[in-house]
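Here the structure is laid out as C-alpha cells; the discussion comes afterwards.
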Amino acid sequence: MDKRFTIFTYGCQMNRYDTETITGYLNQEGYESCDDPARSDLILLNTCSIRDKSEQKVFSQLGRLRKLKRSNPDLKIGVCGCFATREGEGIARKQPDVDLIFGTQNIDKLPELLKGLEGGPTYDVDPLEPEFANLAPIRRNDGLSAYVSIARGCDNFCAFCVVPHTRGPEWSKPSGLIVEEIEAAVGEGFREINLLGQNVNSYGKKVPGELTFGGLLRRLDRIDGLERIRFMTSHPQDCDKDMISAMADCEKVCEHLHLPVQSGSDEVLRRMERGYTVDEYLSKVDLFREQIPDGVLTSDVIIGFPGETDEDFEGTLRVLKKSRYDNIYMFKYSPRPGTKAQSMADQVPEEVKAERFNAVQELQREISGKLHRGLEGGVVEVMVEGPVARKASEDANCGGSGGKLVQISVVSPKFAGRSRGNHRVNFYVEGGNPRPGDVVEVKVLRGALHGLEGISPPGAVVMEEWAT
Ligand code: 5AD
Ligand code: SF4
C-alpha cells in the first residue's frame, strides 16, 4: 500500500456502515487507513444532512482542512454521504478545495472515481440502483458488534425528513447476501449484529418471494456462533404481529425496540405524514409489552414541528408517560431543503422549541431514572466489552440508591458491557475475569440515568452491607 487516507464520519450508524464499506474499497485500491490527516493523501468527509447543524459541521471541517491543502497541494479532499448527494457539485463551488464528491448511492463506483481523480476533480452523485449481485468489500471496525445494512433508502417521505432525498428509494438487500455477510462477520469474531435500515421492518415488502422482516429475524436466529441480534430503525406503521412475535420467539434477538413516535398529536402526525395516529401507535406499544414483558422501548421525538401548538405538545408529553420509554432521542425541528415541511406556515419560534425541549428532557429523565431504579436487585445478561478503570473512591463501596451501600472487595476488577435491553452496564467481578464477548449474569446494584451498575456473578456480594 502506498497511499494513506483518513475518513471522518458524521451522523448515523448507516454512515458508519458506509464508512466501513468505503474503507474496504479504498484498501482494495491500495490506500491504507491513517488517523492523522496531516500524513494523508486523501481525506474524506462522510457527511450527514438530517439537520441543518449536521451540514454546518461539514463546512467548518472543510475550512479547517484548507490549511492542510495549502501545505500539501497533492492532498485530495473528498465529500461523500447524504450532504454530498443533496448538494452535489454545489459543495465544490463553495469550497474549491474539494476534489472528489460522491453520493450515498455511488459508493461501489469508488474504484473508478479514484482513477478519475488523477485527471482532476471528480464528482458523481447520480442516483443508482444498488448493485446487489455480490457482497461489497467491507473493513469493519474492531469490536464485538458488526453493522449489517439490510435495506437502503426510504419510500416514506415524512414531511420533515431529508432521507428519501439523499438515500433514494428503498431497496432490500437479498436475504441470501445478508446471511452470507453475517456468517463472514461471525467468522471474523463478531458476536453481535446490528441490522440497519431507515425502515428495517418494511424489509422485503416490495420484493416478490423475499422474506418479511419477521421471517428474516427467524432465519438469522439460526446462524451458529452468533450471540445477539439487534436492529434499527423500525417504523410504527410496519410494526406488526409478524415482527413482534419473531422478536419474542427468537432467542438471539435482543428485547429492545426503537420505535420513533415523533409526536403525540394526531394533527401533527397527519401533517408529518407518518401514517399512524397516537392510538394506533400505542396499540403497537401494547403488543410489544404483551409479548415481550421485560422489553425495552426507545423512541425519537421531534419538538416544534411547524404548527405544533401547546396542546399538541401536551400530547407528546402524554405519549412519553404512556409508552414509558427507557430513553429517547429528542430533536428540535430543523427545516430541510426540498421537504414538504420546510415551506409550511407557522414555523415554531426557536425559544418555544427550547422551552418544550427542556420540558421533554425533564420528563424523560424522570421516567428513565425510575425505570432504571426498578431494575435494581434484578439480574441482567451482559455481553462483556472489556475492563474499565476504577476510580479511587470506588475502592471502598458502590452506591445503592435505596440508602444502602454495598461494599465491594478492594481487589474486584470492574468491567463494562451491554445488557440485552441495550443498557450500558459497569460491573464488578468476583472470581475469574471474563473476556470480551463473554456473556455473564450481573446483579444490578444501582440503576442510574445513563446506565446500570452491578456485580457478577449475581451471588458474589460477600462483603458486608451497611446503611448510610
Ligand atoms: N428535524 C429534526 N429532527 C429530524 N429527524 C429527522 N428529520 C428531522 C428534522 N428535519 C429526526 C427524527 C428521526 C431521527 C433520525 O432524526 O426523529 O427519527
Ligand atoms: Fe425519514 Fe420518515 Fe423515512 Fe424515517 S421513515 S427515514 S423519518 S422519511
Tell me which residues come under 5 Å, amide H to amide H, from K332 once H is placed; ignore anything under 5 positions away on its chain. I303
Honestly region 145-373 on the Cα gyration tensor test (a ≥ b ≥ c root eigenvalues; a/c under 1.5 rounded, otherwise a/b vs b/c for prolate or oblate) is just prolate
Amide H partners (placed H, <5 Å) of K173, local residues excluded: A151, R152
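Relative contact order for region 3-124: what percent, with Cα pairs under 8 Å and sequence separation of 6 or more? Working shown, then result.
Working: 195 pairs, mean separation 29.4, N = 122.
Value for region 3-124: 24 percent.
For the chain, what is the percent of antiparallel DSSP beta bridges, rounded to the nearest 5? Walk me through the intermediate numbers first.
Details: 28 of 74 bridges.
Around 40 percent antiparallel, to the nearest 5.
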In terms of modelled amide H atoms, which long-range or inter-chain residues lie less than 5 Å from the amide H of E273? A159
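Ordering L211, L177 from largest to smallest accessible area (1.4 angstrom probe), what's the sequence? If you can, show how the numbers build up before the last one.
On the way: L211 60, L177 20 Å².
Output order, biggest surface exposure first: L211, L177.
Restricting to DSSP loop positions (anything but H, G, I, E, B) with no more than 14 other Cβ atoms inside 10 Å of their own Cβ, which trypsin sites (Lys or Arg not before Pro) remain in region 138-210?
K206
Whole number in Å², please: accessible area per residue of region 270-329, 1.4 Å probe, ligands, DNA and RNA not counted.
Details: 2770 Å² over 60 residues.
Per residue, region 270-329 has an accessible area of 46 Å².
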Hey, rough spin-label estimate for N141 and A416, points 7 angstrom out along Cα→Cβ, what's it come to in nanometres? 1.3 nm
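Stretched out fully, how many nm does the piece from S33 to K340 gain, at 0.36 nm a residue minus the Cα gap? Could you put the intermediate results ahead of the total?
Working: separation 307, 0.36 × 307 = 110.52 nm, distance 4.01 nm.
Going from the current span to full extension adds 106.5 nm.
For region 163-228, what class follows from the C-alpha gyration tensor (a ≥ b ≥ c being the square roots of its eigenvalues): rounded when a/c is under 1.5, otherwise prolate if a/b is larger than b/c, else oblate?
Values: a/c = 2.33, a/b = 1.61, b/c = 1.44.
Cα axes put region 163-228 in the prolate bin.
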Please state the relative contact order of the chain as a whole percent: Cα pairs under 8 Å, 6+ residues apart? 9 percent
Report the accessible area of L42, computed with a 1.4 Å probe over the heavy atoms of all protein chains in place, in Å² rounded to the nearest 10. 0 Å²
Neighbour-limited loop hits for GluC sites (Glu not before Pro), region 127-182 (at most 11 other Cβ within 10 Å; DSSP other than H, G, I, E, B): E131
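Would region 263-367 count as rounded, prolate or oblate if I go by the C-alpha gyration tensor, calling it rounded below 1.5 in a/c and otherwise prolate when a/b exceeds b/c, oblate otherwise? Intermediate results must be reported in sequence, preceding the final value.
On the way: a/c = 2.21, a/b = 1.54, b/c = 1.43.
Note, shape of region 263-367 comes out prolate.
What FRET efficiency would be calculated for the residue pair D310, E118, taking the C-beta separation as r and a Förster radius of 41 Å, to the nearest 0.05?
After rounding to 0.05, the efficiency reads 0.10.
For region 219-266, which trypsin sites (Lys or Arg not before Pro) are in a loop by DSSP, counting at most 11 other Cβ atoms within 10 Å?
Here the sparse-neighbourhood loop sites are R222.
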Potential extension, S245-K67 segment - 0.36 nm per residue separation minus Cα distance: 58.5 nm
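I'd like the Kirkwood hydrodynamic radius of the chain, using the inverse of the mean 1/r over distinct C-alpha pairs, in Å.
Working: mean 1/r = 0.0414 Å⁻¹.
24.2 Å is the Kirkwood radius here.
The values are calculated or read from the model by the stated rules, or taken from the named source; none is laboratory data. Because the structure is predicted, anything quoted here is derived from the model rather than measured. Here the Cβ is made from the backbone with ideal geometry for all residues, glycine too, and neighbour counts use every protein chain on show. Each accessible area value is taken on the protein alone, full model and side chains, heavy atoms only, with ligands, DNA and RNA left out. Shrake-Rupley method; radii C 1.70, N 1.55, O 1.52, S 1.80 Å.
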